[in-house]
Every structure is written in C-alpha cells, then in structure tokens.
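One structure is given below, encoded as structure tokens.
The values are calculated or read from the model by the stated rules, or taken from the named source; none is laboratory data. Only a predicted model underlies this, so the values are computations on that prediction, with no experimental measurement involved. For neighbour counting, all protein chains shown are included, and Cβ atoms are generated from backbone atoms with ideal geometry for every residue, glycine included. Remember, those area values only see protein heavy atoms, side chains included, never the ligands or the DNA or RNA. Shrake-Rupley method; radii C 1.70, N 1.55, O 1.52, S 1.80 Å.
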Protein chains: 2
Amino acid sequence: MPKFDANGLLTAVAIDHRTGALLMLAHMDAEAIAKTRETGFAHFHSRSRGRLWMKGESSGHVLKIIEIRVDCDQDALELRVEPAGPACHTLAPTCFYRRIDDEGLLQRVID
Amino acid sequence: MPKFDANGLLTAVAIDHRTGALLMLAHMDAEAIAKTRETGFAHFHSRSRGRLWMKGESSGHVLKIIEIRVDCDQDALELRVEPAGPACHTLAPTCFYRRIDDEGLLQRVID
C-alpha cells in the first residue's frame, strides 16, 4: 500500500507515455487511487474543493492510464498516461510551460 | 514568487533533461529554492529531518540544474537536470522503478 501524508494524500505526477513529457502534478487519496484503477482514467483529490475529481470531467481532456509506477519510498506515484487533449486548464499541453529565468522572471517556453 | 503550502513547502519533480525521464520527487522551501538557484545544484527540504539537503551530498549523485520550470498555479516546480549518477538512493536510475500491476502488486520495470 502507498504511504499517505498526514492529510491522507500523496503526490501524483502525470507523464505522457508516448513523449515522456511531464504533464501535471496533483494529489490522490485512497479513493482517487481506487477510482483511477477501477476506471482506467486519472482521478485526483482536490485539496481546495475537498472532493474527488476526474481530470477532464468538464473539459473532456481526460488522462487514460497506461501504467502506474510508484517511487522507492512509496509516497509518490507516476501515472503514465495518454492525454485526450491539453493537460493544463490554460490549454497548454503541459502545466509546466514556463521557465524561471536568471532574474526570477517567468518566460514561456512551451506554446 | 511560488506558492508554498501551509508548511512552507512545494513539490519539485526532477526530470533528466537529456532523456526526459522522471527521476525523483521531493520538497522545497524558500531556502532550498534559493540555494538551488545560487549553486546550480538541486537542494531540497527534508520533511523527516527538518533540514536543507543537497541531493548527492553524501553519494555524490548530484543533480545539476539546466532549467527550472513552474506550473500554471505556481505551486510545483520541474527541475530539468543533468544527473551525476543514479537518482535513487537504491541506486536505480530513477526512484520510479516499479509499476503497480492489476493485482496491486509491485513489479520492477527499470533496472
């Protein structure tokens, strides 16, 4: 069993299984993991809304699970997925579309 | 500025900039971010030991920073790095070396 933190959560990282690109990072509780394994689509636990949500439930940009990996200390998951569209709610392909430059300013690197 | 959680931390994901492979996940506070930007090597905040640490400080398996990216809501960082050796303390190239199979058992997929 994975190791959850004091809030019953662990961190999950979604990776595009075809390109290897880092898509997004979110949190899962036991319910989100169970639902993800049961349905084959990534579900997370929203800390702000305090509820289960399926990625893409409103946008249609779901993440189909290809494989789930776990890290050495079993407190983080790698979801290897096939994205149905842009992973970010901004419609960028990944949530990590900006780099921090030497002055600490954000520069867009992915359109 | 990035957004820290109630404990003053955010999640950082290290990605091999050459292969795109997900290497490890750890936490950073403002001090770890400052030290990482200042030295060019990944530093994290250990939640269990309650202190700053440099990845590879004892093993020599440091992570040289190539680029730092930030996600859409600025509460997670992608460290694009050049690893000096295996990223995992188990000496696996990545901490995510096992998959969860249909029965929920862990199967090694990366040697």
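Can you give me the ranges of the strands (runs of 3 or more DSSP E) entirely in chain B with at least 1 residues that are more than 8 Å from chain A (Cβ to nearest Cβ), open to solvent by less than 10 Å² (accessible area, probe 1.4 Å) and not hydroxyl-bearing (Ser, Thr, Tyr)?
Result: B:10-16, B:22-28, B:43-46, B:63-70, B:76-83.
Within region B:4-23, can you find the residues that are free of Cβ contacts under 8 Å to residues at least 60 places away in the same chain, hydrophobic (A, V, I, L, M, F, W, C) and under 28 Å from residue B:99 (Cβ atoms)?
Within region B:4-23, B:9 is the sole residue that qualifies.
Being charged (D, E, K, R) and touching a Gly at 6+ places or on another chain (Cβ under 8 Å), is that true of even one residue in region A:14-32?
Among the residues of region A:14-32, at least one is charged (D, E, K, R) and touching a Gly at 6+ places or on another chain (Cβ under 8 Å), which makes the answer yes.
Does residue B:30 satisfy the condition of being in contact with a strand residue (DSSP E or B) (Cβ under 7 Å, 6 or more places away or on another chain), on the phi < 0 side of the Ramachandran plot and at pLDDT 95 or above?
Judged against the criteria, residue B:30 is not a match.
Residues to consider are B:47, B:18, B:51; find the one that is farther than 25 Å from residue A:89 by Cα and at pLDDT below 95.
B:47
Condition first: in contact with a strand residue (DSSP E or B) (Cβ under 8 Å, 6 or more places away or on another chain) and free of Cβ contacts under 8 Å to residues at least 40 places away in the same chain. Now tell me which residues in region A:77-109 satisfy that.
A:84, A:97, A:98, A:99, A:100, A:101, A:106, A:107, A:108, A:109
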